[in-house]
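Colleague: If you scroll down you'll find the structure; I have some questions about it.
The values are calculated or read from the model by the stated rules, or taken from the named source; none is laboratory data. Keep in mind that what you see is a predicted model, and the values were worked out from it rather than measured. Neighbour counts are summed over all protein chains in view; Cβ atoms, including those assigned to glycine, are modelled from backbone coordinates with ideal geometry. Ligands, DNA and RNA are excluded from the accessible area calculation, which covers all protein heavy atoms including side chains. Shrake-Rupley method; radii C 1.70, N 1.55, O 1.52, S 1.80 Å.
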Amino acid sequence: MKIVDLFEEIWLALLSNKARSGLTILGIVIGIGSVIAMISIGQGSQKSIQSSIQSLGSNLILITPGAQRGVGMQVSQGRGSSQTLKKDDADAILSGIAGVKSVSPEVSGRYQVTAKGTNTNTSVNGVVAAYSTVRNVNVEFGSFLTDQQVKNMSKVAVIGPSTRDDLFGEGASYSDVIGQTIRIKNINFTVIGITEEKGGTGFNNQDDVIYIPLTVSQQYMTGGDYVSTIAVQSENDKVMTSVQDAITQLLLVRHNVETADFSIMNQADIVATASSVTSTFTVLLGSVAGISLVVGGIGIMNMMLTTVTERTREIGLRKAVGAKRKDINFQFLGEAIMLTFIGGILGIVLGWIASFIVSHFFSIATDVSMFSIILSFGVSGAIGIIFGYYPASRASKLNPIEALRYE
Amino acid sequence: MIECNNITKSYFNENEETQVLKKLNFSIRDGEFVAITGPSGSGKSTLMHILGALDTPTSGEYKLDGRNIADFTDDELADIRNKKIGFVFQSFNLLARTSVLKNVMLPLVYAEFPRSKREQIARDALARSGLSEEHYNKMSNQLSGGQMQRVAIARALVNNPSLILADEPTGNLDTKTGEIVLKTFEDLNRKHHHTIILITHEMDVAEHADRLILIRDGVIINDYKTKK
Ligand SMILES: Nc1ncnc2c1ncn2[C@@H]1O[C@H](COP(=O)(O)OP(=O)(O)OP(=O)(O)O)[C@@H](O)[C@H]1O
Ligand SMILES: [Mg+2]
């Protein structure tokens, strides 16, 4: 049997029962469409989480007090109250370790803040000038804290845009804000800058925050010489591991302990943790959608089995006039593959549209990747072959006379 | 050359055996024109199916051109049916919702005949079967019984087979069209030396043949040359 003839037979057979072919194709369209849409949602959120982690700063190593409690725990804020890190540690890291670009010792706490009669509860971070580069925080109006102000214990503050909105009203112009006084724990601070909007990042909202000099914070709020985080920026990503190891050694010696009384992790770890969460999420979404793909495949098998039964006499006749096993096999297998192929193409289009709608109207990041298209196309091809094979091979083995007598 | 040695055919229904053909022995030489006749239910069609390599005997051996049919694979048998044998079924077995021409061209599809030549060959075969051209593009299920019969005959002729097996080919035809069909068979036999075996109930049809085999209850009770 020539290929053209095969295609003609397949095409005519599918057209001869349009409703059934259409419904079977619909099953595959829904299956493939949902796989593509779900994977695109999963991969889209993976990408957006990764980029927001990158926005926290680049080549970052974070040191926090208290022993390591597993990677997952360290992502969240609010670690135990152990006080093992000091400002001196940060200075030692900066001066003693090669490959370190800058170091940002930080303390943080939540306090009630008032200004002009309004008040809000927000996160108050005691930082140094390096914070702005290490943490990738830019000032939109005014200026960030300087080392001079930190050293002089100046009562100055840089506030985030959300905090500005809370204290001075939505979108208050900078001239109405810069130079104003805010009160934190009964101490007056002069606002000297407003940071750029970063958007919520899932872990903490970097827009609802107040930065004051580290020295002031230690003196009047947290007390003592302790810091809650030391953020270290390495010169590039290649030295990250060696810098991290060197910091660990240095702090062990400085703290004079055997096992670390601090935990240290780098950005790559954070990204990896977040990625593993989101890829689990992607797999989960994908497999739920995959179930509908399997259901679609069963639809094909069902249709092919019905077709073979209905057309038993036709198969008998074809064999009687010379059809070989492979001719019958290819004809029915071809029908199944053709159904999945058409369903696959339409499903990809549908999945694409669905993920566009999701990202456009529900502002969920989506990313239709070549991978998901190839995956679902491969799966649909495999479904066509697997689910078409059994009915087709059953048809091809029929004895012509028995088939012709079949009612 | 057809050789049947002790051929039997039994059907089994719930372990109950019905023997339809009982130890048949006969042979048919190339170029013979044979008529098989006998009462209804005597096993004529069953025998034809075996001779046409569509069915296998329960026991005994059937040799076609010297080779035992049991030695062939499924696909080899399909090839033999396609190239050597033209079979006219008693119940026609046309593809429904398929045009007359497509029905007739079906064996050519499996013979991988060039697509461009198929239609002409099919038209020739239809003409030789006595079907007029106005019906060629009709769907097979829009035809009368006699018209279907002629399509079935054309399909058997289309591959120019050397062995034609026709199960009551004139059963649904009036005398005139029946004569056209029988004339075609005769021509094939006389001019091209194709072997023709046909089943019939009518004696005047049987008389077109050179030899007559009479079957009753699965046994050959008479086998003789006709007067002609
Ligand atoms: N699949 C089958 N299962 C059981 N019995 C069968 C089967 N096919 C045929 N028979 C029986 O075999 C016998 C012979 O049938 P066959 O069709 O060969 O008769 P025939 O000689 O062609 O009759 P007719 O002249 O009516 O066409 C019949 O009695 C029939 O009942
Ligand atoms: Mg019969």
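Colleague: Can you pull out the residues in segment B:187-201 that are surrounded by fewer than 20 Cβ atoms within 10 Å (Cβ to Cβ) and within 14 Å of ligand 2 (Cβ to nearest atom)?
Modeller: Within segment B:187-201, B:His201 is the sole residue that qualifies.
Colleague: Quick check on B:Lys117: is it within 28 Å of A:Val4 (Cβ to Cβ) and in contact (Cβ under 8 Å) with a residue 12 or more places away in the chain?
Modeller: No.
Colleague: Mind checking whether some residue in segment A:212-228 is within 19 Å of A:Gly117 (Cα to Cα) and assigned by TED's automatic domain parsing to the domain that holds A:Ser104?
Modeller: no
Colleague: Do we find a residue being open to solvent by less than 10 Å² (accessible area, probe 1.4 Å), within 12 Å of ligand 1 (Cβ to nearest atom) and touching a residue at least 60 places away in the same chain (Cβ under 8 Å) anywhere in segment B:13-20? Give the steps one after another, and end with the answer.
Modeller: The first filter runs over segment B:13-20 and keeps only residues open to solvent by less than 10 Å² (accessible area, probe 1.4 Å), leaving none.
No, every residue in segment B:13-20 fails to be open to solvent by less than 10 Å² (accessible area, probe 1.4 Å), within 12 Å of ligand 1 (Cβ to nearest atom) and touching a residue at least 60 places away in the same chain (Cβ under 8 Å).
Colleague: Mind checking which residues of segment A:133-160 are assigned to a helix (DSSP H, G or I) and at pLDDT 90 or above? Let's see the steps before the verdict.
Modeller: Pass one, segment A:133-160, residues assigned to a helix (DSSP H, G or I): A:133-134, A:147-151.
The answer is A:Asp147, A:Gln148, A:Gln149, A:Val150, A:Lys151.
Colleague: Find the helices (runs of 4 or more DSSP H) located wholly in segment A:297-406 whose residues include 3 or more that are free of Cβ contacts under 8 Å to residues at least 12 places away in the same chain, and list them.
Modeller: Details: elements: A:312-320, A:325-361, A:370-396, A:400-405.
Of the helices (runs of 4 or more DSSP H) lying wholly inside segment A:297-406, those with at least 3 residues that are free of Cβ contacts under 8 Å to residues at least 12 places away in the same chain span A:325-361, A:370-396.
Condition check ((1) within 26 Å of A:Asn186 (Cβ to Cβ); (2) touching a Phe, Trp or Tyr at 6+ places or on another chain (Cβ under 6 Å)) across all residues:
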position: A:Ala98; (1), (2): no, no
position: A:Ser102; (1), (2): no, no
position: A:Arg110; (1), (2): yes, no
position: A:Lys116; (1), (2): yes, no
position: A:Gly126; (1), (2): yes, no
position: A:Ser132; (1), (2): no, yes
position: A:Phe144; (1), (2): yes, no
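Colleague: Would you be able to say whether some residue in segment A:195-205 is crowded, with 18+ Cβ neighbours inside 10 Å and over 17 Å from A:Gly117 (Cβ atoms)? Explain how you work it out, then say what you get.
Modeller: Residues of segment A:195-205 crowded, with 18+ Cβ neighbours inside 10 Å: A:195, A:198.
Add one more test, that the residue is over 17 Å from A:Gly117 (Cβ atoms), and what stays is A:195, A:198.
Within segment A:195-205, one or more residues are crowded, with 18+ Cβ neighbours inside 10 Å and over 17 Å from A:Gly117 (Cβ atoms).
Colleague: Let me ask something else about it. Could you run through segment B:161-179 and say how many residues are in contact (Cβ under 8 Å) with a residue 40 or more places away in the chain and farther than 20 Å from B:Ser91 by Cα?
Modeller: Matching residues across segment B:161-179 total 2.
Colleague: Can I ask one more? Would you confirm whether or not segment B:21-36 contains a residue that is within 16 Å of ligand 2 (Cβ to nearest atom), touching a helix residue (DSSP H, G or I) at 6+ places or on another chain (Cβ under 9 Å) and at positive phi?
Modeller: For segment B:21-36, residues within 16 Å of ligand 2 (Cβ to nearest atom), touching a helix residue (DSSP H, G or I) at 6+ places or on another chain (Cβ under 9 Å) and at positive phi: absent.
Colleague: May I ask you to verify whether B:Thr18 is of a type in the set (Val, Ile, Thr) and within 16 Å of ligand 2 (Cβ to nearest atom)?
Modeller: Details: of a type in the set (Val, Ile, Thr): yes; within 16 Å of ligand 2 (Cβ to nearest atom): yes.
So B:Thr18 passes the test.
Colleague: Of the conditions (1) over 14 Å from A:Val35 (Cα atoms); (2) out of contact with any helix residue (DSSP H, G or I) (no Cβ under 8 Å at 6 or more places or on another chain); (3) more than 14 Å from every other protein chain (Cβ to nearest Cβ), A:Glu407 clears all except one; give me its number.
Modeller: The one condition A:Glu407 does not meet is (3).
Colleague: Can you pull out the residues in segment A:330-367 that are within 14 Å of chain B (Cβ to nearest Cβ) and open to solvent by less than 30 Å² (accessible area, probe 1.4 Å)?
Modeller: Residues of segment A:330-367 that are within 14 Å of chain B (Cβ to nearest Cβ), as a first pass: A:330-331.
Of everything in segment A:330-367, just one residue is within 14 Å of chain B (Cβ to nearest Cβ) and open to solvent by less than 30 Å² (accessible area, probe 1.4 Å), namely A:Gln331.
Colleague: Residues of segment A:181-190 being modelled with pLDDT of 90 or more and not basic (Lys, Arg), which ones?
Modeller: Taking segment A:181-190 first, the residues modelled with pLDDT of 90 or more are A:181-184, A:187-190.
Passing the criteria: A:Thr181, A:Ile182, A:Ile184, A:Ile187, A:Asn188, A:Phe189, A:Thr190.
Colleague: List pairs: first in segment B:44-73 and facing chain A (nearest Cβ under 10 Å) and open to solvent by 50 Å² or more (accessible area, probe 1.4 Å), second within 16 Å of ligand 2 (Cβ to nearest atom) and modelled with pLDDT of 95 or more, Cβ under 9 Å, 6+ apart or cross-chain?
Modeller: Close Cβ pairs (under 9 Å, with a partner that is within 16 Å of ligand 2 (Cβ to nearest atom) and modelled with pLDDT of 95 or more) amount to B:Thr56/B:Lys9; B:Thr56/B:Ile50.
Colleague: Can you confirm whether segment B:85-102 contains a residue that is within 13 Å of another protein chain (Cβ to nearest Cβ), part of a helix (DSSP H, G or I), free of Cβ contacts under 8 Å to residues at least 60 places away in the same chain and crowded, with 18+ Cβ neighbours inside 10 Å?
Modeller: First, the residues of segment B:85-102 that are within 13 Å of another protein chain (Cβ to nearest Cβ): B:85-99, B:102.
Next, only the ones that are part of a helix (DSSP H, G or I) stay: B:102.
Checking the rest, the ones that are also free of Cβ contacts under 8 Å to residues at least 60 places away in the same chain come to B:102.
Checking the rest, the ones that are also crowded, with 18+ Cβ neighbours inside 10 Å come to B:102.
Checked segment B:85-102: at least one residue is within 13 Å of another protein chain (Cβ to nearest Cβ), part of a helix (DSSP H, G or I), free of Cβ contacts under 8 Å to residues at least 60 places away in the same chain and crowded, with 18+ Cβ neighbours inside 10 Å.
Colleague: Check B:Ala206 against each of (1) within 14 Å of chain A (Cβ to nearest Cβ); (2) within 15 Å of ligand 1 (Cβ to nearest atom); (3) among the aliphatic types (A, V, I, L, M) and name the one condition it does not meet.
Modeller: (1)
Colleague: As an exercise: evaluate B:Leu95 against (1) among the hydrophobic types (A, V, I, L, M, F, W, C); (2) within 16 Å of ligand 2 (Cβ to nearest atom); (3) closer than 21 Å to A:Ala323 by Cα and give the number of the one condition it does not meet.
Modeller: For B:Leu95, the exception is condition (2).
Colleague: Given the criterion assigned to a loop (DSSP other than H, G, I, E, B) and β-branched (Val, Ile, Thr), identify the matching residue among B:Thr56, B:Thr46. Steps first, answer last, please.
Modeller: Working: B:Thr46 fails: assigned to a loop (DSSP other than H, G, I, E, B).
On inspection, the qualifying residue turns out to be B:Thr56.
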